[in-house]
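Chemist: Encoded as structure tokens, here's the structure I'll be asking about.
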Amino acid sequence: MTSAQFDFSPLLPAGLPAPAAKWAGLAKYSFIGGNNDPDQVPVDGLIEAVNAVLKREGKTLATYGLASGPQGYRRLREFLTTKLKRDAGINCVADDILIVSGSLQALDLVNATLLARGDTVIIERDTYQGALNRLTRLGVNLVGIPLDREGMRMDALAAALEDLKRRGIMPKYIYTIHIGSFSKSIAPALRVGYIVAPWAALSRMLALKTDAGSGALEQMVLAEYCAPHFAAHVPKLTRGLRAKLDTLMEALNEQFGTSAEFEDPKGGIFLWVKLPDNVDTLKLYQSALAAGVAINPGPEWSTDKAYAGSRLRLCFANPSHEQIREGVAVLAEVCRKEFGVPARIANVEKRARS
Ligand SMILES: Cc1ncc(COP(=O)(O)O)c(C=O)c1O
């Protein structure tokens, strides 16, 4: 009997998440996920790095944890201490770092170490869906704080803390532990992330990390590539992303006119867009997908579903400039047909469907 014929359903325990959808390939115009710019993956540098590091240290792959122990490849942790000092003002040593499989595993380990069902945490209102889903699944109460260009709005945070105090609730975390990954700076498919924390916390997380170590080759290649090249790679990547963001904002202005509101973000690979209140982006998501355009509907990326109802989030790093222009034009056409906005597309007056 093949596994396809076997009925697993009576065996499944209660409380599992909904089953994953089968992957159907990327949409023709994909503005979702944290996918990066394919032309900015430093392929030649990574090839050189893999050759050099395997020739020098390949035999260490014979041991779990390489020759560096369970916290991850030491040279990578050493590179991170320099990067964290330069980019984030964090003073730490290699022993304060645990290498993990992407920042998603970092979130799992931090949450498993700190949270119990019924706890309360404070997070940014508009944030990564993977962080929201994890907390919801753990049965944790989320208090979302509205944002400004610097992060959480301090007045809103103070008010939320005051409110919780009045109700006798102590939040478990706000921004407690620094985590990061190489997904946005080098390549997400490598699945390399890190946690920075004192041993008292790291030792708890390490005890919960039961995968016998994150992929070693990726760590070795990253260390070999990043130590000499990271500082020059990132500004180049940023310039390319900035150009794509400009294309996206131009395309939105051209296709949606004043119907699309957004702020020019300081960095990153996502643009949040506000459409008129009558646009339901959960519905727009479905019809846009049918037309080949994948977007992130706002409510899946915010603690405040009503606030985010007419908002969407677009990743601009992966599509080409041409795909960005074409994809936004298709999106505007779908949105006009379904919601009557934008009434004008590309400066041509269109009659909205009633
Ligand atoms: C599709 C997807 N997976 C995972 C992540 C989380 O990041 P990491 O790759 O560091 O685990 C992101 C972040 O944007 C993402 O978009």
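Chemist: Want the number for Arg167 to Gln5: 0.36 nm per residue separation, take away the alpha-carbon distance, what's left?
Modeler: 53.0 nm
Chemist: Moving to a separate point now. Antiparallel as a % of all DSSP beta bridges within the stretch 42-232, to the nearest 5?
Modeler: Details: 10 of 15 bridges.
So the antiparallel bridges in the stretch 42-232 amount to around 65 percent.
Chemist: Shifting gears a bit: Counting other Cβ atoms within 10 Å of each Cβ, which trypsin sites (Lys or Arg not before Pro) in the stretch 153-202 have at most 10 and sit in a DSSP loop?
Modeler: Arg167
Chemist: Return a whole-number percent for the relative contact order of the chain, with Cα pairs under 8 Å and 6 or more residues apart as the contact set. Show your work: numbers first, answer last.
Modeler: Numbers: 541 pairs, mean separation 79.4, N = 354.
Relative contact order for the chain comes out at 22 percent.
Chemist: Would you mind giving the average projected area, over all directions, of the Cα convex hull of the stretch 203-354 in nm² with one decimal?
Modeler: The Cα convex hull of the stretch 203-354, projected and averaged over all directions, gives 12.7 nm².
Chemist: Further question: Could you give the C-alpha radius of gyration of the stretch 42-232 expressed as a fraction of 2.2 N^0.38 Å, taking N as the number of residues it contains?
Modeler: 1.14
Chemist: Of all the stretches in the chain, which is the longest one without any exposed loop site, taking chymotrypsin sites (Phe, Trp or Tyr not before Pro) in a DSSP loop (any state but H, G, I, E, B) with at most 14 other Cβ atoms within 10 Å? Each step should come with its number before you reach the end.
Modeler: On the way: sites that count: Phe6, Phe8, Trp23, Tyr64, Tyr175.
Here the longest run is 176-354.
Chemist: Here's a follow-up. Based on the alpha-carbon set only, what is the convex hull volume of the chain divided per residue, in Å³? Don't skip to the answer; put the middle values down first.
Modeler: Numbers: hull volume 66.5 nm³, N = 354.
It comes to 188 Å³ per residue, whole-number rounded.
Chemist: Now, a different point. Within a 10 angstrom radius of the beta carbon, how do Ser101, Ser9, Ser203 rank from fewest other beta carbons to most? Could the numbers behind the result be given before it?
Modeler: Values: Ser101 19, Ser9 6, Ser203 12.
With the sparsest Cβ surroundings first, the list reads Ser9, Ser203, Ser101.
Chemist: Per the helix-only calculation at 222 nm, which mean residue ellipticity applies to the chain, given -39500 (n - 2.57) for every DSSP H run of n ≥ 4 and division by its residues, nearest 500 deg cm²/dmol?
Modeler: Values: 9 runs with 145 residues, N = 354.
Dividing the helical sum by the residues of the chain leaves -13500 deg cm²/dmol.
Chemist: Which net charge results when you count Lys and Arg as +1 and Asp and Glu as -1 among the other residues whose beta-carbon is under 15 Å from that of Ser214?
Modeler: Computed value for this residue: +2.
Chemist: May I ask which of Lys22/Lys337; Lys236/Lys266; Lys184/Lys266; Lys184/Lys305; Lys266/Lys305; Lys59/Lys83 have a Cα-Cα span longer than 19 Å here?
Modeler: Lys22/Lys337; Lys184/Lys305; Lys266/Lys305; Lys59/Lys83, as the Cα separations exceed 19 Å there.
The numbers here are math on the coordinates, done by the rules we state, and not lab data. From a predicted model like this one, the values you see are computed outputs, not experimental measurements. Note that we place each Cβ from the backbone using ideal geometry, even for glycine, and neighbour counts take in every protein chain shown.
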